[in-house]
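First the structure, in the form of structure tokens, and then the observations on it.
The values are calculated or read from the model by the stated rules, or taken from the named source; none is laboratory data. Keep in mind that what you see is a predicted model, and the values were worked out from it rather than measured. For neighbour counting, all protein chains shown are included, and Cβ atoms are generated from backbone atoms with ideal geometry for every residue, glycine included. Accessible surface is based on the protein model in full, side chains and every heavy atom, while ligands, DNA and RNA are left aside. Shrake-Rupley method; radii C 1.70, N 1.55, O 1.52, S 1.80 Å.
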Amino acid sequence: MTVKEKKKNRIFLWLSAGVLLITAVCVCLTSCRFIDDAKDEGENKSPSAQMDAYDAKIVYYEAQLQSLSAQLGSMEQQFFMMKEEYLNQLQALEQKLSESQKPEPDPEDSPTQKEDEGGKEPSQDTDSSGEDVILCDYTYRLESGYAILTSYRGSEKDVVIPAAVDGYLVIGLGDRMFADCDVRSVTLPQTVERLGWFTFYGCKNLEKVVLPSGIKNIGYASFDGCAANLCLHVVSGSFAEQFAVSFGLNYQAA
């Protein structure tokens, strides 16, 4: 998706939000008119008929409000998806830029020459993006020298994510890391900044997730299909709290 297309999508979302707001105002104004009409007609109706008319209008307006609320929720979800896609593309561009700026190796310092001189070839700390490293309870991949956990292989019901694996700081959880896992609670360290798509999808027994204050990005449908009593433990004023409020998720702020 090009930058122009993203700008067009953002403009479309804001215009849609404006249309929904105007629609809501029109519904309110129409409701006032209906109420006045009902008062005028109330003199010619029995009390029971008048109450039935009021009940029918209340049901109608509640349905309209629920429809508008669902549309706004869908728009907010699309906004989060667009934001995450933009950040991912930006990160990829920054990584390519940093790689293009690396100095070219000096032929005089070639490994062959160093070995001939009695030296040792330096060990290279490669970025294993796309290659999962397997640990006891987790698998992970490296991105710019940081670890992204990609799957959980343990059997614990109450999971505490480590802040580092193999000496690399853990800054994120990958797509579908805990999807369909039989975990009860998950506590994330302060180093985690983002969650991938469908991270906790289908965790039907998940009751508690502790999110750090520094988390900046939560992927699409990260908590879909989880237990109805799932509660997010967040820091007051954090991005995680705003996310929970936007999507109507149960949360506790501290």
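Structure notes:
- Test for D40: is it open to solvent by 70 Å² or more (accessible area, probe 1.4 Å), modelled with pLDDT of 75 or more, more than 30 Å from S246 (Cβ to Cβ) and not aromatic (F, W, Y): no
- Complete set of residues in the range 195-230 that are aliphatic (A, V, I, L, M) and touching a residue at least 40 places away in the same chain (Cβ under 8 Å): I218
- Selected residue (criterion: farthest from D132 (Cα to Cα)) from residues of the range 169-187 that are in a loop (DSSP other than H, G, I, E, B) and open to solvent by less than 10 Å² (accessible area, probe 1.4 Å): V183
- Within the range 231-254, residues that are under 18 Å from F200 (Cβ atoms) and assigned to a strand (DSSP E or B) sit with their Cβ atoms under 9 Å from residues that are open to solvent by 40 Å² or more (accessible area, probe 1.4 Å) and among the acidic types (D, E), at 6+ positions apart or across chains, in these pairs: C231/E207.
- Failed item, numbered, when V210 is tested on (1) crowded, with 17+ Cβ neighbours inside 10 Å; (2) over 25 Å from S246 (Cβ atoms); (3) not polar (S, T, N, Q): (2)
- Of the criteria (1) among the small types (G, A, S); (2) within 14 Å of the chain's Cα centre (by Cα); (3) more than 28 Å from L72 (Cα to Cα); (4) at pLDDT below 95, which one G172 fails: (4)
- Taking the criterion of being open to solvent by less than 50 Å² (accessible area, probe 1.4 Å) and either acidic (D, E) or part of a loop (DSSP other than H, G, I, E, B) (or both), the residues of the range 188-201 that qualify are L188, P189, T191, V192, G196, T199, F200.
- Note on the range 131-145: residues that are over 13 Å from D175 (Cβ atoms), part of a strand (DSSP E or B) and open to solvent by 50 Å² or more (accessible area, probe 1.4 Å) total 1.
Here is a yes/no grid of residues against (1) within 15 Å of D175 (Cβ to Cβ); (2) among the acidic types (D, E); (3) surrounded by fewer than 17 Cβ atoms within 10 Å (Cβ to Cβ):
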| site | (1), (2), (3) |
| --- | --- |
| C203 | yes, no, no |
| I215 | no, no, no |
| I218 | yes, no, no |
| F223 | yes, no, no |
| C226 | no, no, no |
| S246 | no, no, yes |
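- Condition broken by P212, with the remaining ones in (1) outside any loop (DSSP other than H, G, I, E, B); (2) in contact with a Pro (Cβ under 8 Å, 6 or more places away or on another chain) satisfied: (1)
- Annotation note: Cβ proximity below 7 Å between a residue of the range 143-154 that is closer than 16 Å to P189 by Cα and a residue that is open to solvent by 40 Å² or more (accessible area, probe 1.4 Å) (sequence gap 6+ or interchain) occurs for Y146/Y168; Y146/L169; A147/Y168; A147/L169; I148/R141; T150/D132; T150/R141; Y152/D137.
- Residue that is surrounded by the most Cβ atoms within 10 Å (Cβ to Cβ), among those in the range 47-67 that are modelled with pLDDT under 80 and closer than 29 Å to D224 by Cα: S67
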